[in-house]
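The block underneath contains the structure these notes are about, expressed in structure tokens.
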Amino acid sequence: MSKFATYEQSGVSINAGEQMVKQIQASLASTFGPRVIESKNAFAGLFRLDYDEKLFKKNYKRPVLVACTDGVGSKVQLAAKIKRFDTVGIDLVAMNVNDMLVQGAEPLFFLDYLAVQKLEPKIVAELVKGVAAGCKLADCALIGGETAEMPDTYKKDDFDMAGFAVGIIERKKIITGKNTRPGDIILGLASSGLHSNGYTLARSICFKQRQMKITNVVTELAGAVLGDVLLEPTRIYVRPIVKLLSQYKVKQVVHGMAHITGGGLVGNIPRVLPKNCNAAINKANWPRHKIFTFLQNAGPVEESEMYRVFNMGIGFVLIVAEDFANSIAKKLRRFGEQVYTIGRITTGTGKVVFK
């Protein structure tokens, strides 16, 4: 052993970092479109906004950039436990692009940050592969990121992820919820399951209270493996919503939207409600995923708490003009979404009221 101190001896491998970069390059490149300006060994990603008739279909007269950041929370602990790393990257993209979608924005590009205890190039490549898959579903480019190896900060096998997205929207088309009015219809798009919220409670119920194993086959979940159900990726709603909005270029018939994340329907819909409006929601208007019934019974968890923590089967909400509700629902179904009429806007004080 050398008498000189090295980074490797401290727990950080420069060689592993170089291997990792080589392994993820193909994943990044697979998300590039004509707006990405490739630059080998660059310190930052390059993305063009100017209009070129040969390359781009859209021309923004008064473009507004929309930016957001989010993570996956304790869902990463499940991924580490089951040693399956190809899905949480999709969650990471979804949590960001679905948020900006609420304002009507089209995602442009994405950046990721990954922190690990020990850099394992193969595992990092799987994580980034998942991020790239999410970016493809969201029609945005993965133009860069950062991986930090921090042996003194994280425990063995621990890791965390954060994502950063930038999108664009024409200023006059920004959706804020201010046009919402009594009589509007509330449409709900089905979630794929827990998405990326409520996992601290879900993990506590399954692994602490019930002493279950992540490999358990659960009868109440239609014979599915518990780990597979819990790791089901968050649904990305970008393509159907962007396509829908593009079909209403003059009238703004979508008055408000909400991404149903932490806080559930109760906490997220009021963020796009005027102070003089309530959202009257009928719980019987959509099917409940088996995972929610299972967790509620296994807890047990009170009904009100379930609706404060989980999405309960609705991952995205649109508040639309009554006269256009049926046609919008039909379009979204044609685009591949499961759509439910879950309620109506009434006069009120800016809150959700369940029937």
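The values are calculated or read from the model by the stated rules, or taken from the named source; none is laboratory data. These numbers were taken from a predicted model, which means no experiment stands behind them. Note that each Cβ is placed from the backbone with ideal geometry, even for glycine, and that neighbours are counted across all protein chains shown. Side chains are part of the model used for accessible areas, which takes the heavy atoms of the whole protein and leaves out ligands, DNA and RNA. Shrake-Rupley method; radii C 1.70, N 1.55, O 1.52, S 1.80 Å.
Numerical summary
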{"item": "Which listed residue is assigned to a helix (DSSP H, G or I), polar (S, T, N, Q), surrounded by fewer than 19 Cβ atoms within 10 Å (Cβ to Cβ) and out of contact with any Asp or Glu (no Cβ under 6 Å at 6 or more places or on another chain), from T200, T153, T176", "result": "T200"}
{"item": "Criterion violated by V254 - all others in (1) touching a helix residue (DSSP H, G or I) at 6+ places or on another chain (Cβ under 7 Å); (2) at pLDDT below 95 satisfied", "result": "(2)"}
{"item": "Pair list, Cβ under 8 Å, 6 or more apart: region 80-105 residue without any contact (Cβ under 8 Å) to a residue 60 or more places away in the chain, other residue open to solvent by 50 Å² or more (accessible area, probe 1.4 Å)", "result": "F85/I123; F85/E126; D86/E126; D86/K129"}
{"item": "A132 in a helix (DSSP H, G or I), of a type outside the set (K, R) and surrounded by 19 or more Cβ atoms within 10 Å (Cβ to Cβ)", "result": "yes"}
{"item": "Number of positions in region 71-104 that are of a type in the set (D, E), surrounded by fewer than 24 Cβ atoms within 10 Å (Cβ to Cβ) and not in a loop (DSSP other than H, G, I, E, B)", "result": "1"}
{"item": "Scan of region 182-191 for residues that are buried (at least 16 other Cβ atoms within 10 Å of the Cβ) and part of a loop (DSSP other than H, G, I, E, B), ordered by number", "result": "D184, S191"}
{"item": "Failed criterion for H195 (all others in (1) open to solvent by 10 Å² or more (accessible area, probe 1.4 Å); (2) out of contact with any helix residue (DSSP H, G or I) (no Cβ under 7 Å at 6 or more places or on another chain); (3) of a type outside the set (V, I, T) hold)", "result": "(1)"}
{"item": "Flag for K351 being of a type in the set (D, E, K, R) and either more than 23 Å from P182 (Cα to Cα) or open to solvent by less than 10 Å² (accessible area, probe 1.4 Å) (or both)", "result": "no"}
{"item": "From I236, I205, residue being touching a residue at least 60 places away in the same chain (Cβ under 8 Å), among the β-branched types (V, I, T) and in a helix (DSSP H, G or I)", "result": "I205"}
{"item": "Unique match (being modelled with pLDDT of 95 or more, open to solvent by less than 20 Å² (accessible area, probe 1.4 Å) and either under 30 Å from V353 (Cβ atoms) or not acidic (D, E) (or both)) among A138, A162, A148", "result": "A138"}
{"item": "Flag if M161 is farther than 24 Å from P270 by Cα and over 25 Å from the mean Cα position of the chain (by Cα)", "result": "no"}
{"item": "Answer residue from region 277-309, given it is among the polar types (S, T, N, Q) and over 16 Å from G343 (Cα atoms) and is most open to solvent (accessible area, probe 1.4 Å) among those", "result": "N297"}
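Yes or no, residue by residue, for (1) farther than 21 Å from Y340 by Cα; (2) surrounded by 13 or more Cβ atoms within 10 Å (Cβ to Cβ); (3) among the basic types (K, R); (4) touching a strand residue (DSSP E or B) at 6+ places or on another chain (Cβ under 8 Å):
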| residue | (1), (2), (3), (4) |
| --- | --- |
| A222 | yes, no, no, no |
| V253 | no, yes, no, yes |
| G264 | no, yes, no, no |
| I269 | no, yes, no, yes |
| N311 | no, yes, no, no |
